[in-house]
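**Q** A single structure is presented below for examination.
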Amino acid sequence: MILRILLLGYVFLGFFPKYVVVDWKIAHLSYLTALNTFSFAYLLFKYKLKDNYYKLRSEHILYFLFFLWGFLTLIKSVNLAESLMIQTEIFTQLISFVSIYFLLKQIGLNGIGYVFFGMSFALFLETSIIMIEYFSNFFYHVNSGRNNEAFRGITGNINIAAFSILLKIPLLFFFIIKNNSYYKKIAVYILSTASIFVVISVISSRASYIALLFMILVFLFSAIIFRKNLTKRIVKNVVLFALIPTSLNILLNIFIYSYVGKQSGKSIVERVESLKVGDTSTSQRLRYYSHAINAFIENPLLGIGIGNWELESIKRDSQNIENYTVPYHVHNDYLEVLAETGLLGFILYFGIFFLTTYKLILLIIKNREKIVENYWSILIVISLGIFLIDSFFNFPFARTLIMTQVFMLISLGLVTLETLNFEITTSLKNNLSKRSSTSIAGSIPL
């Protein structure tokens, strides 16, 4: 029970009360530190160091090496205090990553359904908070621009809110597969439709449109490529889940912003058209990308120092800065990590996410005969893909709430890989042999 309570603490991190801080990330980090302390204390007290229980995986080692590499980049750092602050955040995330993994490892495959339910309920709460605000002031919001304050939900920023919601939408499909109840399936469809409505029509983040398209395509692709291994019922549900909520929302968006709120500029058609190069926001981001690439070319080994882009950006973009607005981030984590920590730092950091995704894809392909029982692996891959898209257009590296959710998903993936004996280590065989993997789907309670 204590393991599950601690795990839920990480799942519902964003719902903890916000004390008076300018950046909500500070509150998230403080709660995360407390959770890490309680988790480690309980795990050490309960399990001590027996049976190699605390053996780390490759992904943990990569993140630890990235943390160490960050100290080497301090050689190039202009603002040492800022760099050390970022290193503290990375350390906190590292400990949370390890803690979540050990908690899930002890729970085993039962943790899949448990975490999926927790994250789905969190999705329901996040969506409800934003929709209540939207419909309580409906005519005002449909006739106004994008409102960061009103629709930031539990995250502190509308773009973070959009991807926090998107990360969890694929997980809803787990309950369609595992439930035969007509009413429960309807509830899942309603929640997915409402969540996508928030993304498309309320927040209107262009990057989230691309992530949503990715989600739909992977769902459809999985139904096509595994159609011989899936039942007709599941193939039908995959297609319906991918198409119905999104199609309804596109039609609803066009209706609302064509006939109700004509001045808002939040029509999906207008938002997609604004992706063209001539758009101010698009041109601005391309300029940031160019600066980051040049910074990397000039400092390919150690970069400019971790956490130093906000200062570097002033030097490189000084001719374009207006009203003292500093471009704190590149709006592309690939380029920002590359510019700040060099090529090796880039490999160490993103190696964590690409390695887990690669392993899960191999697991799915090699176990296609059991894809019905293990379809949740595809759902985790979709959510990780959404995170990687977010990394291309935004800066989740600096968003504690998003990173905690992603480490939860990666830890679920690692537990899945271990329990299904994929690249299993000798030290874990005795522990895992006690768990039955012959009837995996039936062992996951809902």
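**Q** Being on the phi < 0 side of the Ramachandran plot, of a type outside the set (Val, Ile, Thr), at pLDDT 70 or above and open to solvent by 10 Å² or more (accessible area, probe 1.4 Å) is the filter here; which residues of segment 304-332 pass it?
**A** Glu310, Leu311, Glu312, Lys315, Arg316, Gln319, Tyr328, His329
**Q** Here is a follow-up. Using the structure shown, decide if Ile254 is at pLDDT below 95 and open to solvent by 40 Å² or more (accessible area, probe 1.4 Å).
**A** yes
**Q** Tell me whether segment 218-233 contains one or more residues that are assigned to a helix (DSSP H, G or I) and touching a Lys or Arg at 6+ places or on another chain (Cβ under 7 Å).
**A** Looking for residues that are assigned to a helix (DSSP H, G or I) and touching a Lys or Arg at 6+ places or on another chain (Cβ under 7 Å), one finds none in segment 218-233, hence no.
**Q** Please find, within segment 101-148, the residue that is least open to solvent (accessible area, probe 1.4 Å) out of those that are of a type outside the set (A, V, I, L, M) and in contact with a Gly (Cβ under 6 Å, 6 or more places away or on another chain).
**A** Glu126
Every residue, every condition in (1) surrounded by 20 or more Cβ atoms within 10 Å (Cβ to Cβ); (2) outside any helix (DSSP H, G or I); (3) at pLDDT 90 or above, yes or no:
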| residue | (1), (2), (3) |
| --- | --- |
| Val20 | no, yes, no |
| Phe45 | no, no, no |
| Ile61 | no, no, yes |
| Phe66 | yes, no, yes |
| Leu74 | no, no, yes |
| Ser83 | yes, no, yes |
| Gln87 | no, no, yes |
| Gln93 | yes, no, yes |
| Ser99 | yes, no, yes |
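**Q** Of Ile176, Ile169, which residue is open to solvent by less than 30 Å² (accessible area, probe 1.4 Å), part of a helix (DSSP H, G or I) and free of Cβ contacts under 8 Å to residues at least 60 places away in the same chain?
**A** Only one candidate qualifies: Ile169.
**Q** Do you know which residues across segment 341-382 are more than 23 Å from Met408 (Cβ to Cβ), in a helix (DSSP H, G or I) and open to solvent by 10 Å² or more (accessible area, probe 1.4 Å)?
**A** Within segment 341-382, Leu343, Leu344, Phe346, Ile347, Ile365, Lys366, Arg368, Glu369, Lys370 meet the criteria.
**Q** Within segment 123-151, count every residue that is closer than 17 Å to Met403 by Cα and either without any contact (Cβ under 8 Å) to a residue 40 or more places away in the chain or polar (S, T, N, Q) (or both).
**A** Summing the residues that are closer than 17 Å to Met403 by Cα and either without any contact (Cβ under 8 Å) to a residue 40 or more places away in the chain or polar (S, T, N, Q) (or both) in segment 123-151 gives 0.
The values are calculated or read from the model by the stated rules, or taken from the named source; none is laboratory data. A quick note: this is a predicted structure, and the numbers were derived from the prediction, not measured. FYI the Cβ positions are ideal-geometry reconstructions off the backbone, even for glycines, and counts take in every protein chain you see. Ligands, DNA and RNA are excluded from the accessible area calculation, which covers all protein heavy atoms including side chains. Shrake-Rupley method; radii C 1.70, N 1.55, O 1.52, S 1.80 Å.
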